[in-house]
Amino acid sequence: MKRLLILSAFIFTYCIGFAQPQKVVADKIVAIVGDRIILHSDVANSISDMKRQGQEVPPNAECLILEQALVSKVLMLQAEKDSLPVTEDEIEAELDQRIRYFINAYGTQEQLETIAGKTIYQIKDDAREGVRENKLAQSMQRKIVESVKITPTEVKDFFDKIPKDSLPFYESEFEIGQIVVYPKASRDLEKYVIDELNNYKRQVEAGAANFEQLAKRFTDGEDEQTKGRQFQINRTEKTWDPSFLAAAFRLKDAEISPVVKSKFGYHIIQMMQRNGDEAIVRHILRIPPVTETEINESISKLDSVRSKIIAGTMSFPIAAGRYSEDEAAKYTGPFIQSHDGDTYNTIDELDKDIVSTLNKLKIDEISQPLAFADQRGKKGVRILYLKSRSEPHRMNLQDDYDKISNYALEQKKAGALEKWLTARIPTYYIMVDPVGSAKCSQLDKWTTPPTAAK
């Protein structure tokens, strides 16, 4: 079954100012909506951006992106008419997020600026209007579909219309909850790590060592490609550890911080460049090692929690909220999220330690406490709860009602958006380049003779 998408879910993203260093020798207007233009370079650069991000580019990508750009312009213009709010803080946050993405992609701020042929501030200024338009378009789309709901009868009708030979086959899926505890290292080992970091700081300040090289040799919890790299931080970004941010923004250029404790471990931070609420830094992270003694203490703690859940004196969600130290659980709950954002995981989405444990669990059972290491190499202990396990099967209403309901709802939203566009398109001046539109059948509705906006 084809993936159901709202027509403008992939709204024109205007990444062109961030990643395209090439000078446009010749450009032309391929479409106009109201007083807004769409350039051929906009479309071409969006295709290049898809390729760079590893996305599959369909054969008719140019037609699809041009249509999405037209949809985005109409939504944006209507949002302006309806005075939908988009704040400068929202725009700035989006710009900062995109800047961080491209700095991570290219390695450093300097490399990004060299490739783009612009400073960070010029890149942001060039992209600001595009981001504002995108935010307005998204707000308008939400307004159009926010009241769309789906009934059980509509879900069944949607399912019945899917050809039986097109029903997707689902592998076994698992709903798995976890309660995670991270053992605390002994004070002696913490002191040892702190002393090592202070020694690194003294070596660099004395000119006896290079911070970048020390970071590459000694940083814990990062792969070899990222150790020692510069990265951008923002004082207002909530995803950064607050202790790390506070220490970093007390530094002057080239200064090295005292040892800083964060939720990840202990750091020293080198300030590379600071501009207001933004900064480029390096760090050395050391994670104090935990011994079998600390691991066994955490196992004992989770064994007690497990006993309370089995005895019925505490539910699994309540226990997870009270005892789990898993950062993700604070935002998504105790159940492991799949790649699709739901809680139904296939075997290939789970790490091998979880898979081996699942083979020993029945539905509603809770595992014994198990030691593990997370993606950063940090040691922890967890108990797993197997809430459900589906057998391999063809899509059906009994097993897959929630999925089918979501597909049906998205199709209904797409219909509502299409109906809205059909009514609104004639009210705007729209011109599409006849050469481009001739090879794009989906642009037929946009190529009627332009009418004055009402």
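The values are calculated or read from the model by the stated rules, or taken from the named source; none is laboratory data. In this text the structure is predicted, and so the values were computed from the model without any measurement. Using ideal geometry, Cβ is built from the backbone for each residue, glycine included, and neighbour counts are taken over all protein chains shown. These accessible areas exclude ligands, DNA and RNA; they are computed on the full protein's heavy atoms, side chains included. Shrake-Rupley method; radii C 1.70, N 1.55, O 1.52, S 1.80 Å.
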*asked:* I'd like the residue in region 246-258 that is open to solvent by 40 Å² or more (accessible area, probe 1.4 Å) and part of a loop (DSSP other than H, G, I, E, B) and, out of all such residues, is nearest to Glu190 (Cα to Cα).
replied: Pro258
*Being part of a helix (DSSP H, G or I), among the polar types (S, T, N, Q) and more than 30 Å from Asp402 (Cα to Cα), is that true of even one residue in region 113-124?*
yes
_Could you list, ordered by first residue, the pairs with Cβ atoms under 8 Å in which the first is in region 393-414 and closer than 18 Å to Asp165 by Cα and the second is β-branched (Val, Ile, Thr) and assigned to a helix (DSSP H, G or I), at least 6 apart or interchain?_
Met395/Ile404; Leu397/Val155; Leu397/Ile404; Ile404/Val155
*Looking only at region 352-384, count how many residues are open to solvent by 30 Å² or more (accessible area, probe 1.4 Å), modelled with pLDDT of 90 or more and part of a loop (DSSP other than H, G, I, E, B).*
6
*Please give the number of the condition Ser72 fails out of (1) assigned to a helix (DSSP H, G or I); (2) within 30 Å of Asn406 (Cα to Cα); (3) without any contact (Cβ under 8 Å) to a residue 24 or more places away in the chain.*
(3)
*Are any of the residues in region 396-403 part of a loop (DSSP other than H, G, I, E, B) and either open to solvent by less than 70 Å² (accessible area, probe 1.4 Å) or closer than 30 Å to Tyr266 by Cβ (or both)?*
yes
*Consider only pairs whose beta carbons are under 6 Å apart and that are at least six residues apart or on different chains; among these, list those whose first residue lies in region 186-203 and is touching a residue at least 60 places away in the same chain (Cβ under 8 Å) and whose second residue is assigned to a helix (DSSP H, G or I) and surrounded by 14 or more Cβ atoms within 10 Å (Cβ to Cβ).*
Tyr200/Leu214
*Within region 223-245, identify whether any single residue is more than 30 Å from Gln368 (Cβ to Cβ), surrounded by 15 or more Cβ atoms within 10 Å (Cβ to Cβ) and free of Cβ contacts under 8 Å to residues at least 12 places away in the same chain, and answer yes or no.*
yes
*Residues within region 125-167 that are of a type in the set (Asp, Glu), surrounded by 15 or more Cβ atoms within 10 Å (Cβ to Cβ) and not in a helix (DSSP H, G or I), tallied*: 0
